[in-house]
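Please treat every number below as a calculation from the coordinates, not as lab data. Note that the structure is a prediction, hence the values are computed from the model and not measured. Positions of Cβ are backbone-derived with ideal geometry, glycine not excepted, and every protein chain shown enters the neighbour counts.
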Amino acid sequence: MLPPRPGQGAPPPPPPRPGDDVTTGVFRSHWMIVPVRVIAVTLVFVALVGPILSTFGHAWVLLMAVAVVFGALAYALPSWWYGTFGLREDHLVVHGGLFLRSSREIPLSRLQAVDVVRPLLTQVFGVAELRIELAGGDGSAIRLHYLPRELAERMRTAVLAHAAGLPGRSPDAPERPFYRLPFPLLLGALTFRVPILLAFILLLMLGTAFVVFLEAGVLGAVVPLALGLLRYYWGPLARYTDFYASLSPDGLRLRYGMFQRRMQTIPPGRVQAVRIVEPLLWRALGVARVEATMAGYAGARQGDSSDLLPVAPRSRAFTLVNEMFPGSEAAVVPLVVNRERLPSAAGVDEHLFVSVRGLFCRVTEIVPVERMQTLRLSAGPLARWRGRATVDVDTPPGPVAARAADRDAEEGRRFLNALAEYGRRARVPSAGTERWATRATMRAERGPAPSEDEKTEETPGDTPGEAL
Amino acid sequence: METSEPTPKTEAGPSNPRRSVDVAFAAPEGVPWRRIPTGLAWYLRLESVAVCLAAGAGGGVLALLWGLPMWALGVWLGLWLVAGVALWFLAGSSQRSWGYAEASAELYLSYGVLVRRLVVVPYGRMQVVDVTTNLLEQALGIATVRVRTAASAADTRVVGLPLSEAVQLRDRLAARSESFSTGL
């Protein structure tokens, strides 16, 4: 459970410097963006049109290049000047556009996640991008590009403070370390997967074949293989290097990235559902991956942003789940095992719905009962003849699709009734998660945690695995 | 079958799997299903006839244009005729399979002939409730109430209600979604 914010209500211990105050005033991107844009446009122009123009003489190239410089400047300068944003009370106001002026006003209590992203190139200039995710799908994220890094960090703090219901001048919430991913573990775990190992072996065999027979056709198979490895091996490796997770009253904070540094903040109550993925070989290592469904990360950003822990020991993964859903314990939910066909298990208690499935890659899906959107019970013709049915627990689009597949029909209905009943009870006290710092209901009325002896009896690392 | 070993699953479990499915898909306690009037069956019949006619005629014209043999044309038309007749008779049971129940905190929906479904939507989770009618529905005086939640997987709707009843249902659901609202 998250500790209460110490400086709450009281004036913050270190008095803020005058430059630190981002709650008033108007801000815009770093001025560097103007020359960078002008230079980029000019270079592209010279590279594309230059060879054609040079047939008329170099003077023409120079003349046209100068014209393009001024044209680009005439666009970039005002669009930089008019692209402003600022805080008004607990709303963020963003102005943009030159010909089609736009002005968005965002109630910050609705924000789903805040990211500070620094791609490699922008790190050189000391600028960062601030992304504010809202629950509106793909087009609703606010992206503030090329902010000076200091401003981005302070803006993030202010935005989160407003979302928590505190004044925007509050200091950054203190954080406590949760997990640091050692690089050898990341490297080892990413390598130690069946598809990756097979791809490497295949690559070696193809390389040997190429050397022995000098057959160029072999390279045709190497290219897709290498592309696949780049995507599924090098991609996560570069993305999650130097991964560090910490907990604060403002939620979970993740920092990671080799070339693109990224800092993600997920406020409390924004995680809709969680799944713990354990590929076949990872089970031998005792490590798992934690992915989450969040309403903010829609569409293409879902895949990039849904991992809460890329590689972590299994017990750490379950600890994180307990932190995400305070007042509940995922490992002690009583699971009912289904031994028909593929083994699977599902269980529900008054806080969580847990389902475990997968023969090789074991997936544990956890949905808090107050977060489920709809419940579905379905039975196809064959299932009906056998007296079986499937229960689906729907959450917003994301990696998690919790279901109790192919259960006995009446048992399925009992699951459904229990979920509906627990959901009804759980939803009433926790009315929304906006302004989490100023409401005590979220934590106080969630009901007591499972009794202590139960917790010590069953180590979080083992229980769901035993059910299979 | 040939082993004499007792199979506790079939003996100890519910005697009839079909009955247990019926129990599983029953209405919530104390709230009977509210059924959909027969207008829906006529809607489904007209719709399937129109689709089958269009597909059969379109395919037939193409077959003539391409100069396919007559038996192929006959088979094609026969297939669509059979499909149309089957759908015509299935429309009744499809209409009877629909039901909805407004429990204290959730909307229950039940439908499906081939795949039976039971959908539970808590009122607090409803984001949008709207009523739609297409041209054919308007001609029959029926409407569809569609409920949207933040989960896109479930398509939750109540079809074939008389227009006035649909509007009332929408208003009730909208009011409840407001009073039960708990954010996302």
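Which net charge results when you count Lys and Arg as +1 and Asp and Glu as -1 among the other residues whose beta-carbon is under 12 Å from that of B:Arg19?
Once positives and negatives cancel, what remains is 0.
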Take each complete run of DSSP H in chain B, measure how far its Cα atoms stretch along the helix's own axis, and keep only those covering 30 Å or more with mean Kyte-Doolittle hydropathy at least -0.5; list them. B:39-66, B:70-97
Counting other beta carbons within 10 Å of each Cβ, put A:Met372, A:Met263 in order, fewest first. A:Met263, A:Met372
What number does the protein assembly as shown give for Rg over Rh if you use C-alpha atoms and the Kirkwood radius? 1.03
Relative contact order for segment A:349-397: what percent, with Cα pairs under 8 Å and sequence separation of 6 or more? 30
Bin width 10 Å, origin at 0, all Cα-Cα pairs of segment A:271-414: what percent of pairs per bin? 12, 41, 35, 12, 1
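Take every Cα pair under 8 Å in chain B that's 6+ residues apart, average their separations, divide by the length, and report that relative contact order as a whole percent.
20
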Note, ³J(HN,Hα) from phi for segment A:52-68, Karplus 6.51, -1.76, 1.60, rounded to Hz, x at Gly and Pro: 6, 5, 5, 5, 8, x, 5, 4, 5, 4, 4, 4, 5, 4, 4, 4, 5
With all distinct Cα pairs included, what does the Kirkwood hydrodynamic radius of chain B come out to in Å, to one decimal, could you say? 19.6
Run lengths n ≥ 4 of DSSP H only: what is the helix-derived mean residue ellipticity at 222 nm for chain B, with -39500 (n - 2.57) per run over all residues, to the nearest 500? -16500 deg cm²/dmol
Would you give the gap between the C-alpha center of segment A:47-91 and the C-alpha center of segment A:309-355, rounded to a whole Å? 55
Determine one quarter of the surface area of the Cα convex hull of segment B:99-179, which equals its mean projected area, and express it in nm² to one decimal. 5.4
